[in-house]
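Here the structure comes first, spelled out in structure tokens, and everything after it is commentary.
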Amino acid sequence: PRHVMRLVILLTLISASLSAPLSWRKISTNGGTTPPPRREFGAAWDWKNQHLYIFGGRGQDRVILDDFWRLDWNTQTWAKLDVPSGPPSRFSLVADFDSINDAILISTGEGLDRAFYNDLWSYSIASNTWTQLPTATAMETRYGSTGGIDPFNPTHFHITHGFANGKRYQNSFSFDLNTQTWTETTPANTDKEKIPSERCLHGGTILNNNQQFLFGGCGSGGVWALPCQ
């Protein structure tokens with residue numbers, strides 16, 4: 001059952017943190033083809049199968065990429081996934097693992113000719129296919145956002161803040177994976193000073209209880225924990 005798997009993962013992480021100090025180590029992959037150098041790509045961790053997925057980003061000479069790769073953590077090998085009819089090339093996007101549907105989700109980002117996106121794509125791991133899901137019509141196109149899915153309550157995909165067409169945003173949106181609908185989750189009737197200020201290219205992640213953690217960014221700085229309502 002899912003709750004048992006979560007408990008095992010949590011206990012494993014606690015045990016590992018107590019038994020040894022935290023440290024970085026470089027992963028040496030076992031030969032084969034590896035992704036070209038890049039930055040500002042989307043990454044998602046499939047904890048069920050121990051696979052890391054990356055999509056797009058900016059490569060050498062600022063080329064905007066649309067390639068899709070998977071790293072098998074058990075064998076330490078990369079594989080390029082050639083999937084037809086996938087998302088347009090882009091960088092500075094949001095990606096995460098949808099454990100309900102066993103899929104990789106990507107959204108937002110900037111593409112060729114300064115095209116900004118508010119689309120949402122789902123990659124089915126089982127069928128090796130991309131599907132475009134309903135677009136967040138209320139959410140402005142943007143890049144440089146943060147978001148993702150709470151792994152302990154994986155029913156919503158969250159997006160917050162970002163930039164497009166000369167404007168930085170401080171609003172937030174959520175996609176319900178069960179109903180396939182978008183909802184704006186910016187706290188209503190709240191003083192703007194109590195919401196993280198407009199920014200893009202910030203750091204952030206999803207914590208448990210559907211909370212988002214934000215830090216820094218272009219436009220302003222600060223540390224916040226904003227509930228994803």
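The values are calculated or read from the model by the stated rules, or taken from the named source; none is laboratory data. Note that the structure is a prediction, hence the values are computed from the model and not measured. Methodologically, a virtual Cβ is constructed for each residue, glycine included, from the backbone with ideal geometry; neighbour enumeration extends over all protein chains shown. The protein model used for the area step is the full one, side chains on, heavy atoms only, and it has no ligands, DNA or RNA in it. Shrake-Rupley method; radii C 1.70, N 1.55, O 1.52, S 1.80 Å.
Quick notes on this structure:
- Between L81 and D102, full extension at 0.36 nm per residue minus the direct alpha carbon distance yields a gain of 5.9 nm.
- Computed over neighbours whose Cβ is under 14 Å from that of H158, the net charge equals -4, Lys and Arg +1, Asp and Glu -1.
- Peptides 85-95, 199-209 ordered by average Cβ neighbours within 10 Å, highest first: 85-95, 199-209
- Gyration tensor verdict on the chain (Cα atoms; rounded if a/c is under 1.5, prolate if a/b is larger than b/c, oblate otherwise): rounded
- T190/C218 FRET efficiency (R0 22 Å; Cβ-Cβ; nearest 0.05): 0.45
- Normalising the average separation of contacting C-alpha pairs (under 8 angstrom, six or more residues apart) by the number of residues puts the relative contact order of the chain at 11 percent.
- Gaussian network model of the chain, springs between alpha carbon atoms under 10 Å - residue of L22, L133, L105 with greatest fluctuation: L22
- Computed accessible area, F175, all protein chains, 1.4 angstrom probe, square angstrom: 0
- Lys-Lys pairs in the chain that are eight or more residues apart or on separate chains and whose Cα atoms lie under 22 Å of each other come to 4.
- Radius 15 Å from Cβ of A79, net charge of other residues (Lys, Arg +1; Asp, Glu -1): -2
- Residue with peak Gaussian network fluctuation, the chain [Cα springs, cutoff 10 Å], from K26, K48, K194: K26
- Taking A126, A136, A43 in turn, the Gaussian network model of the chain (Cα-Cα springs below 10 Å) assigns the largest fluctuation to A126.
- Neighbourhood net charge (12 Å Cβ-Cβ; Lys/Arg +1, Asp/Glu -1) for G56: 0
- Accessible surface, the stretch 83-229, averaged per residue in Å² (probe 1.4 Å): 43
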